[in-house]
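Enquirer: If you scroll down you'll find the structure; I have some questions about it.
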Amino acid sequence: MKWTVFRKMAAVFISLMLTVAMAVPARAEDLLEESSGSAEVGLAPGVDFPSDHLQCGESSSYSFDNASGVLTVSGSGTTWNYYSGFYVTGDIYTIKIDSGITALGDVFLTDFGHKYLREDTELVNIILPKSLKKIGEYNFNTNNRAEYIFYEGTASDWNKIAIDSTNSFSGRRILFKGEWFKDVSRGKDFFFKPVYWAVMSGITGGYGEGTFQPYFPCTRAMIVTFLYRRAGSPDVPGTNQFSDVKPTDWYYKSVSWAVKEGITTGYGAGTFQPDAPCTRAMIVTFLMRRYGPYAPYYEPVYKNIFPDVPKGAWYTDAVMWAYDMGVTTGRGGYFKPNDVCTRGEAVSFISRTIE
């Protein structure tokens, strides 16, 4: 009888010890080792490991979508970031403040003196709502990496916001609602910076209805027009030699200029084929013909880099030039010379060539 009681007491004791052991949280450093990319974060009081969703105000919280790189702050009222920072599992490219937030608390969108954002994060743009009435201390300063501020109101609305003097927008472009594209808002997209660079450079004004259409095919007329505008849209004397390019066409001067500059000789049979898609082979060829003279001592040397770019093809030298100049690194180990060049790729190729 005594032995039975003893066994029962021992079982209860062991069960209790196991329960306690399981309740003890893992060490913070162990959790950090298991969480990819989080070792550089630094933890706020009470936060044991990076979280993609936390409270960041009395009535607001943030959530993070790793696939898009977008961190969204939603709710209402004033945000704060003193006790729980943006501890997420991946890189933040875009911070979107939803409508309803009326004030950004002090140092909410900064890494100034804190590690709310990892030091190696890729923050590119911040989207601010029209509902915003106040921006507290040090939300935008020299340490903040967001190059573009998207504001969902007008310039007049922006001037009504109470902005603390510690904020600096120097070196950043503030784009008001009518100036940014509905389909180019995520900093993670490879074409994000090139698109807005092209807009600021006067190369393109978009596709219409507030869009840029980065995944649409770039036509031959579009690409020579981009290059023509980059050249300052100079007057072009003489007449056009192509039967499918008329003086009333919007691309007439662009095509005439491209021929004069030796960028293109046409498509064959006396045509230019302005509406035909520009292939990836075509665009690097146009770019080399236009900007190659800036590297007069460069002579393309064939390198067996891309399996689909054989030695001696009409576009081989151009591909080698583009690769050497950092214009392109290919697509999945290939160059895909016959694939259609999208509008997003086109402005990316141009910006890399020039900058």
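Enquirer: Filter the stretch 49-68 for residues that are more than 27 Å from Phe190 (Cβ to Cβ) and assigned to a loop (DSSP other than H, G, I, E, B) and give the result.
Expert: Answer for the stretch 49-68, where residues must be more than 27 Å from Phe190 (Cβ to Cβ) and assigned to a loop (DSSP other than H, G, I, E, B): Phe49, Ser51, Glu58, Ser59.
Enquirer: I need the full set of residues from the stretch 291-305 which are touching a helix residue (DSSP H, G or I) at 6+ places or on another chain (Cβ under 7 Å) and either closer than 23 Å to Tyr228 by Cα or crowded, with 18+ Cβ neighbours inside 10 Å (or both), in order please.
Expert: Within the stretch 291-305, Tyr291, Gly292 meet the criteria.
Table: residues versus (1) assigned by TED's automatic domain parsing to the domain that holds Phe150; (2) within 24 Å of Val327 (Cα to Cα); (3) small (Gly, Ala, Ser).
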site: Phe191; (1), (2), (3): no, yes, no
site: Pro194; (1), (2), (3): no, yes, no
site: Phe212; (1), (2), (3): no, yes, no
site: Tyr215; (1), (2), (3): no, yes, no
site: Tyr251; (1), (2), (3): no, no, no
site: Ser256; (1), (2), (3): no, no, yes
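Enquirer: Identify, by number, the condition in (1) at pLDDT 90 or above; (2) surrounded by 13 or more Cβ atoms within 10 Å (Cβ to Cβ) that Ala146 doesn't meet.
Expert: All conditions are met except number (1).
Enquirer: Please enumerate the residues belonging to the stretch 242-290 that are surrounded by 17 or more Cβ atoms within 10 Å (Cβ to Cβ), among the hydroxyl-bearing types (Ser, Thr, Tyr) and touching a residue at least 40 places away in the same chain (Cβ under 8 Å).
Expert: Within the stretch 242-290, Thr264, Thr279 qualify.
Enquirer: Can I ask one more? Go through the stretch 328-339 and give me each residue that's at pLDDT 95 or above, touching a helix residue (DSSP H, G or I) at 6+ places or on another chain (Cβ under 8 Å) and at negative phi.
Expert: Correct list: Phe335, Pro337, Asn338, Asp339.
Enquirer: Give the residue that is modelled with the lowest pLDDT, with candidates limited to residues of the stretch 132-143 that are in contact with an Asp or Glu (Cβ under 7 Å, 6 or more places away or on another chain) and part of a loop (DSSP other than H, G, I, E, B).
Expert: Asn143
Enquirer: For residues that are among the β-branched types (Val, Ile, Thr) and over 21 Å from Met222 (Cβ atoms), tally how many sit in the stretch 320-355.
Expert: Kept after step one, since they are among the β-branched types (Val, Ile, Thr), are these residues of the stretch 320-355: 327-329, 340, 342, 347, 350, 353-354.
Next, from what is left, pick out any that are over 21 Å from Met222 (Cβ atoms): 329.
Number satisfying all stated conditions: 1.
The values are calculated or read from the model by the stated rules, or taken from the named source; none is laboratory data. Keep in mind the model is a prediction, meaning the values are calculated, not measured. Glycine gets a Cβ as well: all are built from the backbone with ideal geometry, and neighbour counts include every protein chain shown.
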